[in-house]
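The values are calculated or read from the model by the stated rules, or taken from the named source; none is laboratory data. Nothing here was measured: the structure is a model prediction, and the numbers come from that model. No Cβ is skipped: glycine too gets one built from the backbone with ideal geometry, and neighbour counts run over all protein chains shown. For accessibility, only protein heavy atoms count, side chains too; no ligands or nucleic acids. Shrake-Rupley method; radii C 1.70, N 1.55, O 1.52, S 1.80 Å.
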Amino acid sequence: MKVVFCASEVFPFAKTGGLADVCGSLPIALKKIGIEVAIVLPGYRCVGQAGCAMEQVTEIVSRTKLGRNIQVYFIEHEQYFDREDLYGDAAGDYPDNIERFGFYCDQVLQLLKQIDFQPDIVHCHDWQTALIPVYMKEKYKDDAFYAQTKTVMTIHNLAFQGAFPKEQYPKLGVESSFAAQSFEFYDQVNLLKAGITYSDKVTTVSPQYAQEIQTKQFGCGLEGVLSERYDGVIGILNGLDHDVWNPRTDSFIAAKYSADDFSDAKLTNKMQLQKELYLDARDDVPLFGFVGRLSHQKGLDLVIDTIKDLVKMDVQMVFLGLGNGHYQEKLKQAAALYSENIAVRFDFNEPLGHQIYAGSDLFLMPSQFEPCGLSQMISLYYGTIPVVFKTGGLADTVKPFGLLNKDGNGFVFTDYSNAGFLKIVQKAVKVFSNDKEFHRLRGNALRRDFSWEKSARVYQEVYNNVKKQ
Ligand code: ADP
């Protein structure tokens, strides 16, 4: 079985969020179970800065390796990809994103022929790659090279669809009337919609989210397209790469630990984090961490709106994130006002991220919606207890801890309101103050296995089934 992964982010070459983690680790897990995988992504400026040994394959394609022998190809284009960021800057999304990713998708299919990598499956991730299934069935429909190739489209976040003004449609170079219909979305051209329509199988990143996106509330306008697919949408939970995320071996953290022995190390990491972020080095105060995109999705409005009441509970909070300037400004103000309780860093900082997962007691992730979410899985694996809203992958991975359920691993609220959020934080703080209870909860969290093994087998099954279609 030969699979090519097409994605706009792959860790460690280019990352803004969980998509990169998934596309940098799932191929390794697939390879372990005997699937031959290659990866193709755009050759952004940051790829050159990652310091990997590169080999030039064609005039516009270079190559390196991931893990043990997975070939990773980079499609280069100075004007399109030699930029500071992946998708946009402070002014918003780059206005030529449709051309940038259109070019990338077109080049992927040319490249596979040039290097003679004839895939059984082209596995596309998110809207940036959604033109590939369309091109396969339109531009390449009579090409013998791709006659046996099928496409799988994985939705990592339905909120991002690649919708552009309809005047840009001619740039895509597809002319059939079926294509025109497939892209049409409220007077715009929608790349993800077409990708969903054209691909042979659609998957998403958690079972709960697979259900949610077929409803009006979470479907972002595509619920009809998704629920009308004759073969449904399958949700496969993401895993973690334990070579990257592992408190036993993590070289970024002050003290390593495991599920069998964690108390002293957790405290050392906490003190180190407090020192690093100029907070009082106190053991008795619950330290809440946040690592993530500063966006509406992540529930930061709840945190900002209730900040006065949170601080009254005598808690510390550390925020690491990049994104929406509004949230950045609000958090900065809160940190200035409550400097003893709140520390903020607006940066993309991998080492500090690891230190927050390891050093915090609890992890704030009150996302309004969450396709899978890696941050809560990472925090669980680091014995840092997540506080989450019951949605998407958060609902699939965090089980409420309570008087009646001592086997739970986190705090889950179901009333998405300031009051609902405050109530769950109060509960978390109360459990934190009971050493025995909190120790038990931490143990529960640390013992949960998030490795890719199981999900990789499910993907294998999906590939096999699609191949037979
Ligand atoms: P999403 O994909 O919606 O952004 P996930 O929880 O799935 O959210 O994944 C987020 C990933 O990005 C995690 O690995 C998280 O640690 C990382 N991350 C997000 N923001 C930052 C940041 N500012 N610095 C370091 N790592 C970050």
Set of the range 222-262 residues, backbone N closer than 17 Å to the point 7 Å along the Cα-Cβ line of LYS32: 237-250
Label-to-label distance, nm, for residues given as ALA50 and ASP347 (7 Å Cα→Cβ offset): 2.2
Whole-Å distance, taken between Cα centres, linking the range 354-390 and the range 46-110: 30
Residue (of HIS296, PHE421, THR268) at the positive-pole extreme of the range 263-446, dipole from beta-carbon charges: PHE421
Dipole magnitude of the range 192-256 about its Cα centre (Cβ charges: Lys, Arg +1; Asp, Glu -1), debye to nearest 20: 100
Where the chain is the region considered: accessible area per residue in Å², 1.4 Å probe: 42
Over the chain, relative contact order from alpha-carbon pairs under 8 Å, at least 6 apart, %: 13
Simple spin-label estimate for TYR230 and ASP283 in nanometres, 7 Å along Cα-Cβ: 6.5
Accessible-area ranking of CYS46, CYS105, largest first, probe 1.4 Å: CYS46, CYS105
Burial ranking of peptide ranges 364-374, 165-175, 205-215 (average Cβ count within 10 Å, highest at the top): 364-374, 205-215, 165-175
Fraction of antiparallel bridges per DSSP, the range 17-172 only, in percent to nearest 5: 50
Apportionment of accessible area to carbon and sulfur, the chain, percent (1.4 Å): 48
Count of Lys pairs (Cα-Cα under 27 Å; at least 8 positions apart or interchain) in the range 375-469: 21
Set of lysines near LYS171 by C-alpha distance (under 22 Å), chain-local residues within fewer than 8 positions excluded: LYS137, LYS139, LYS141, LYS193
Cα gyration tensor shape of the range 263-446, rounded if a/c is under 1.5, else prolate or oblate by comparing a/b with b/c: rounded
Antiparallel bridge percentage (DSSP; both residues within the chain; nearest 5): 25
Cα gyration tensor shape of the range 420-469, rounded if a/c is under 1.5, else prolate or oblate by comparing a/b with b/c: oblate
Reachable aspartates and glutamates, given that their alpha-carbon falls under 15 Å from the alpha-carbon of LYS201 and they are not under 8 places away in the same chain: ASP120, ASP126, GLU228, ASP231, GLU461
Simple Cβ-charge dipole of the range 263-446, Lys/Arg +1 and Asp/Glu -1, about Cα centre, in debye nearest 20: 240
TYR416 paired with ASP261, simple spin-label distance in nm, labels 7 Å along Cα-to-beta-carbon: 4.4
Qualifying lysines (Cα of each under 23 Å from Cα of LYS332; at least 8 residues distant if same chain): LYS270, LYS275, LYS298, LYS308, LYS312
Percentage relative contact order, the range 263-446, counting C-alpha pairs under 8 Å, at least six apart: 21
Cα centroid separation, the range 408-451 to the range 234-302 (Å): 15
Cα gyration tensor, the chain - rounded (a/c under 1.5), prolate or oblate: prolate
Average Cα contact separation per residue, the range 185-254, under 8 Å, 6 or more apart, as relative contact order %: 30
